[in-house]
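Novice: Here it is, the structure, as structure tokens.
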Amino acid sequence: MQHALDIAHQAALAGDVPVGAIVVQDGRIIGVGRNRREIDDDPVAHAEIVALRDACRAGARWRVDGATLYVTLEPCPMCAGAIVNARVGRLVYGAADPKAGAVRSLFRICDDVRLNHRLTVVPGVLAEPCAAVLQEFFREARQRRRRPPDRAPSGTAP
């Protein structure tokens, strides 16, 4: 999870919401992803989707049977669905997402008995530092929006 948190910091530096994800199979990292929605102008470029795509390319197949996905924020409905469809074996996430979380907070997609695959879910791993990076990112974003534009001192040309 610490590696996913480091990746989340990279997303923040690039101006994207700081969420990081890694896919681990047989003790090896096979997929890495961070939010790329802003940088790629892509609404589905969430960290989990990027990491799953990376893992599937590495394995040359659409399934990651038995793999563990580590992500710093509880997945949204889209990502939870992708996790189920990719046949991830275990999901470990950090901070809960009360506004969009689809694993425990709003829905339980990853262990819904009506779906064709279910997986083990481990919530709350390094939850505080995972939440802190998100809180800091949004605090700074709010401050940037409130700041007035720079003005030249009076009596000088712009």
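Novice: With respect to ILE7, is the statement that it is under 23 Å from GLY66 (Cα atoms) and either touching a strand residue (DSSP E or B) at 6+ places or on another chain (Cβ under 6 Å) or surrounded by fewer than 24 Cβ atoms within 10 Å (Cβ to Cβ) (or both) true? Lay out the reasoning, then the answer.
Specialist: Values: under 23 Å from GLY66 (Cα atoms): yes; either touching a strand residue (DSSP E or B) at 6+ places or on another chain (Cβ under 6 Å) or surrounded by fewer than 24 Cβ atoms within 10 Å (Cβ to Cβ) (or both): yes.
Here the answer is yes, as ILE7 does meet what is asked.
Novice: Six or more apart or on different chains, Cβ atoms under 9 Å: show the pairs whose first residue is in region 66-85 and modelled with pLDDT under 95 and whose second is part of a strand (DSSP E or B) and surrounded by fewer than 18 Cβ atoms within 10 Å (Cβ to Cβ).
Specialist: The qualifying pairs are GLY66/ARG90.
Novice: Pairs please, first residue from region 39-50 and buried (at least 24 other Cβ atoms within 10 Å of the Cβ), second anywhere and outside any helix (DSSP H, G or I) and among the polar types (S, T, N, Q), Cβ atoms under 7 Å, 6+ apart in sequence or on different chains.
Specialist: From residues that are buried (at least 24 other Cβ atoms within 10 Å of the Cβ), the pairs are HIS46/ASN35; ALA47/ASN35.
Novice: Just for region 66-81: of the residues that are not in a helix (DSSP H, G or I) and not β-branched (Val, Ile, Thr), which one is farthest from ALA12 (Cα to Cα)?
Specialist: The selected residue is GLY66.
Novice: To continue, here is another question. Report, by residue number, each residue of region 96-114 that is under 20 Å from TRP62 (Cβ atoms) and open to solvent by 30 Å² or more (accessible area, probe 1.4 Å).
Specialist: ILE109
Novice: Which one is nearest to VAL125 (Cα to Cα), of the residues in region 82-95 that are outside any loop (DSSP other than H, G, I, E, B) and open to solvent by 20 Å² or more (accessible area, probe 1.4 Å)?
Specialist: Just the residues of region 82-95 that are outside any loop (DSSP other than H, G, I, E, B), to begin with: 82-85, 90-95.
Next, only the ones that are open to solvent by 20 Å² or more (accessible area, probe 1.4 Å) stay: 82, 85, 90.
Working: ALA82: 21, ASN85: 23, ARG90: 13 Å.
So the residue we want is ARG90.
Novice: Across region 12-32, what is the number of residues that are buried (at least 23 other Cβ atoms within 10 Å of the Cβ) and farther than 18 Å from GLY101 by Cβ?
Specialist: Here is the first cut: in region 12-32, the ones buried (at least 23 other Cβ atoms within 10 Å of the Cβ) are 18-23, 31.
Subset that is farther than 18 Å from GLY101 by Cβ: 22-23, 31.
Qualifying residue count, region 12-32: 3.
The values are calculated or read from the model by the stated rules, or taken from the named source; none is laboratory data. This structure is a prediction, so every number in the text was calculated from the model and none was measured. So basically every Cβ, Gly included, is an ideal-geometry build from the backbone, and we count neighbours across all protein chains shown. Keep in mind that these areas ignore ligands, DNA and RNA; they rest on the heavy atoms of the full protein, side chains included. Shrake-Rupley method; radii C 1.70, N 1.55, O 1.52, S 1.80 Å.
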